[in-house]
Amino acid sequence: MKKLPLFIAAGLVVSASAASARDYIEIVGSSTVYPFTTVVAETFGNKTKFKTPKIESTGTGGGAKLFCSGTGIDTPDITNASRRMKKSEFDTCQKNGVKDIIEVQVGFDGIAFANSKKAEQMTLTRKDIFLALAKTVPGKYEGELMLNPYKTWKDVNPELPDIKIEVLGPPPTSGTRDAFAELALEGGCKAFPAIAALKDTDKNLYKATCHEVREDGHFIEAGENDNLIVQKLEANPNALGVFGFSFLDQNSDKVHGSIIDGSELSFDSIADGDYPVSRPLYFYVKAAHIGKIPGIKEFLTEFVSEDSFGEDGYLLEKGLIPLSEEQRESFRAAATNMTPMSM
Amino acid sequence: MNKSTQIVEAGLQKRYAKEKRFRLYGLISILISLAFLVILLADIIGKGYPAFQQTYVKLDVTIDGEVLGLTAESPEDKLYSASYSKVIRNALREKFPGVTDRKQKRALSNLVSKSAAYELRDMVVENPNLIGTSGSYWFLAKDDVDVFMKGNIDRNLPESDRRIKDYQLEWIDTLVAENRLEKRFNTVLFTEADSREPEQAGIRGALMGSLYTMLITMCLAFPIGVAAATYLEEFAPQNNKWVDLIEININNLAAVPSIVFGLLGLAVYINFFGVPRSTPLVGGLVLTLMTLPTIIIASRAAIKAVPPSMREAALGLGASKVQTVFQHVLPMAMPGILTGTIIGMAQALGETAPLLMIGMIAFVSDIPQSIIDPSTVMPVQIYLWSDSPERAFTERTSAAIIVLLAFLITMNLVAIMLRKRFEKRW
């Protein structure tokens, strides 16, 4: 057939490309860090003559799995994480020969509990959030757990308005959901001494109680798309939405964030650590690839420059909350000296 | 009048009514689907058409050699790495003197896109004699300014609720009054690849990625599919257990969820054969798997529809089996085969799920130059933009959908035209 040469050509290309080296940086990992890394990558690509890195948003766990799969040239060079690398992930890395990993903290991200501007701003505590959204809540007797019976915010806390609990949030595959469970729900459930005591006696039950979200229609999984949640909030003033701070920042004319534990959600309150539902963002670099893939060192330098993650840097415009000056200094030193992390 | 006529007449009214009702139902269902189509299109076009325009700002820039630390004789890499954003910033400060607040200073430099500095750099590298001169240049405006100029930010809202603050409004008003802000056709959308800055983002990268991917899919799926269909229809032994088994499997494959092909591609092409991730090559290979069953089924139907008399006539005149198939059966079946292929390809063009597994859902801001450069495809680009926080991406998402729809309509038109042109009636 006439197409036969094309097959052969395609076959040749495959074998040729497998042998030749990659000339661009490959980054995987968290979808929360993705909006920041992409901006740095683009600036790096524009400023220097290196190719622009390719960034996949695979989620923190998926990224770590790919990153730790080996030191071959076909494995990613950098992985983003919206939490610190777990010990188990670090061990997998070590086992697969990924010995030297450089850890860089980028900044913080806040999680907003926002509702439409047409409705009144909510003042919540983490305990309220836990009681309103957990699958099981403490019952009448000490240590008893019951299925969440609360229907309105007033049932949870008499000071709250008498409207139906309706929260739009991310699905379990999302990093935002993990952080929401860990920071907001667990933060609230620790307020009950009986549950807090479980942590030492029955770790699994503690985790289930503190992390499981109710499934009776009061918490609505609205998909990974935070823009969609904002749109739905606009249409339904009674609903509350859970999403990242950068979306709140961009849509400040449509939605406002709730006050949580007495702290209003703002740039400063996250940076100061007052706002309780915020998390650190990281990325990890495979030291073995420095020198093999062109540009990793320069990319690192760009990322940790004051221009990008500093107090006035361009990442701030994208909604990143910067680290303190000493923290920035220490991570910059780690990145430039390529000091590997230990666990 | 006999009895049966009476029965018929008694029921006639009812039967007419029934027929009328049935026609009405049909009409209603068509109207409902049309209404949905209109709503969908109106929504997409309504949201997307502003993206075909982009705001530009005119600045009086002095390319000061001292600020840049350059002379016209500086070597090229020095010209390349100088800080041109300073020049832009100075131009803006000159235009609006008296801005001292740090936040306002930052807002001031944010009137113009970051790409202005790179544009200026490229101009100077091209022509170093520009150093020391001044002139008026048009630059891309920042996305917030663009969104405002398109009327998507209400200036009557209280200041705290607006992305554009009062002082920024003042600057914009001044610029508008001096005719320094202008909306033009958004060429960036068609010449650039993805970017995190909405004003610099375009669909060229994704379009090229889609093109390369489709090219590979077509070069592989079409010959393999047609060959398989021809063999199964013309040469394979009839009523054979194995042939039946293959047939059932092909029909089954056509209904397998596409993500499964992605997983297969990850395991076989990437992990086993070492094909590079995120490239049109691996994307095309995976989509080939997905498209093959569609093409085989359509081609078999087309080949089956060629009347046996044609084959018999050819054989009777002394043609061999292969000659009969290639010179008579296949050309006659070609319109059907092509239609099936194009429909299969159109399906592949809109697919994202299998690409998720092979790393094509990625941020790629270089336009792919070959089938082994990292790239995305159109539907992935739409997905990525719809997930971005910046407001200006909303309209670009819809604009990308419009382009993709135009692409699909063209493909389907070609399918119809081919069918009309080569169709034979007997």
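The values are calculated or read from the model by the stated rules, or taken from the named source; none is laboratory data. Please read these numbers as outputs of a predicted model, since none were measured by experiment. So basically every Cβ, Gly included, is an ideal-geometry build from the backbone, and we count neighbours across all protein chains shown.
Just a few scattered comments:
- Residue in segment A:96-108 that is at pLDDT 90 or above, within 14 Å of the chain's Cα centre (by Cα) and surrounded by 21 or more Cβ atoms within 10 Å (Cβ to Cβ) present: yes
- Considering residues of segment B:120-153 that are more than 27 Å from the chain's Cα centre (by Cα), within 14 Å of chain A (Cβ to nearest Cβ) and crowded, with 17+ Cβ neighbours inside 10 Å only, the residue modelled with the lowest pLDDT: B:I153
- Residue list for segment A:233-256, filter: under 25 Å from A:K135 (Cα atoms) and either at pLDDT below 90 or of a type in the set (D, E) (or both): A:F243, A:G244
- Residue in segment B:351-364 that is nearest to the other protein chains (Cβ to nearest Cβ), counting only those that are surrounded by fewer than 24 Cβ atoms within 10 Å (Cβ to Cβ) and out of contact with any Leu (no Cβ under 7 Å at 6 or more places or on another chain): B:L356
- Checklist (1) in a strand (DSSP E or B); (2) within 14 Å of chain B (Cβ to nearest Cβ) applied to A:S246, failing item: (1)
- A residue that is surrounded by fewer than 14 Cβ atoms within 10 Å (Cβ to Cβ) and either away from every other protein chain (no Cβ under 14 Å) or under 24 Å from B:S365 (Cα atoms) (or both) cannot be found anywhere in segment B:196-215.
- Hits in segment A:120-155 - residues which are basic (K, R) and outside any loop (DSSP other than H, G, I, E, B): A:R126, A:K127, A:K154
- Hits in segment B:216-241 (condition: free of Cβ contacts under 8 Å to residues at least 60 places away in the same chain and either aromatic (F, W, Y) or buried (at least 21 other Cβ atoms within 10 Å of the Cβ) (or both)): B:Y231
- Scanning segment A:74-90 for residues that are surrounded by fewer than 17 Cβ atoms within 10 Å (Cβ to Cβ) and either hydrophobic (A, V, I, L, M, F, W, C) or without any contact (Cβ under 8 Å) to a residue 60 or more places away in the chain (or both) yields a count of 3.
- Leading residue by the ranking (nearest to A:G223 (Cα to Cα)) among those in segment B:373-390 that are surrounded by fewer than 22 Cβ atoms within 10 Å (Cβ to Cβ) and over 12 Å from the mean Cα position of the chain (by Cα): B:D387
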